Amino acid sequence: MSTAPQLEPDTPGLSGRQPLTLSSLLLVMVTVVVWAGTPTAVRFSTDLLPPITVAGLRFALAAVFMAGWAWLHGTSLRITPGELRPMLVGGVLLFLQIGMFTLGVHESNASHGSIFINTYIFWVVAIDHFVTRHDRLSIRKSLGLIFAATGAALILTTTAQTHDVEVAESASLKGDLLLVLSAFILGGKISYTKTVVSRIAPDRFIFWHDVFGVVLFAIAACAFEQIEPSMLLEIGDPQMQAAWWGIAYQGFAVAGLCYALQTRLLEKHAASKVAVFSFATPLFGVLFAVLLRGDPISSSLFISGMSIAAGILLVNYPGRRKPVVLPAVSSEQQTESQA
């Protein structure tokens, strides 16, 4: 039996601390399933195109999506005083995290990408406990972290001992380590985003962090990659069609829709609770990779995926909370807090 987690209670009406509602839960599940397809889409794109170029094209499309999203919601994209620096920091974090993720998937495979990138939630939980103190660790949460760390260590060890170069989608230790580092940066980026959107309109922040990230991707691509522009126009080539579909999926569905939904969710809910059902992401991700890319599946991959999924579930599963006595509020104040 695990002890009840020592969580600070979520109180309706407090920005960033509200409990998950049914509508929020449905939005979280949409992001979970869509996000799970990202590594597979990356592999389709990097079959023909360099990884940094793919990342830049992905977020160029995401910026277009966010411009339309902001327009629909009546959000101004004009940068106000004091907003430029956080947006630049967000762009740098985006460049580092997505750059390492895309390179990692390219060097490894989609199934490993699905497993390792989803360890980001443990860095979110660690930051929530030690830095922001929005959520506190308990014995149950600590066991969850141990489960996940064991799963990640198992797949890393297995990769280090595997030298099968005949399998087209075989993983590499270099790629896996890049994915682990990407997950670490993503955890910090999510917590940073939660802090920033408390004072900057989320749509505006995501749009400009996409724009600044694209600039960095373009510079890096010009410096380190070579590509024939005519390749991008070979629409009749089935592989190029798959590459463009992969980029479109990454740009509009993941970097656009998922990021927009996640940022809005972070306005209302604790970062660790937004990811409460993300335990399903590595499982969906591995399923997509096996079905669509023919990734090799083994007992160690299965055990690793299940361990990480179980760890995520243990970390985020809501436990009993101590009742909180709130000061009396007028009916007008209560209506305003629930709006």
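The values are calculated or read from the model by the stated rules, or taken from the named source; none is laboratory data. Just so we're clear, the structure is a prediction, and the values are computed from it rather than from any experiment. Cβ atoms come from the backbone with ideal geometry, glycine included; neighbour counts cover every protein chain shown.
Worth a mention:
Conditions tested, residue by residue: (1) touching a Pro at 6+ places or on another chain (Cβ under 8 Å); (2) among the β-branched types (Val, Ile, Thr); (3) modelled with pLDDT of 95 or more.
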site	(1), (2), (3)
Trp35	no, no, no
Leu49	no, no, no
Phe65	no, no, no
Leu84	no, no, yes
Met100	no, no, yes
Thr119	no, yes, no
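- One residue alone among Thr53, Thr80 is over 13 Å from the mean Cα position of the chain (by Cα) and within 21 Å of Trp208 (Cβ to Cβ), and that residue is Thr80.
- Evaluation of Ala148 against (1) more than 19 Å from the chain's Cα centre (by Cα); (2) at pLDDT below 80; (3) in a helix (DSSP H, G or I); (4) aliphatic (A, V, I, L, M) (one fails), failing number: (1)
- Residue count for the stretch 68-122, restricted to those that are closer than 19 Å to Ile155 by Cβ, in a helix (DSSP H, G or I) and not hydroxyl-bearing (Ser, Thr, Tyr): 15
- Lone unmet requirement of (1) buried (at least 17 other Cβ atoms within 10 Å of the Cβ); (2) in a helix (DSSP H, G or I) for Met306: (1)
- Within the stretch 224-262, being more than 30 Å from Val30 (Cβ to Cβ) and either touching an Asp or Glu at 6+ places or on another chain (Cβ under 9 Å) or modelled with pLDDT of 80 or more (or both) holds for Phe224, Glu225, Gln226, Ile227, Met231, Asp237.
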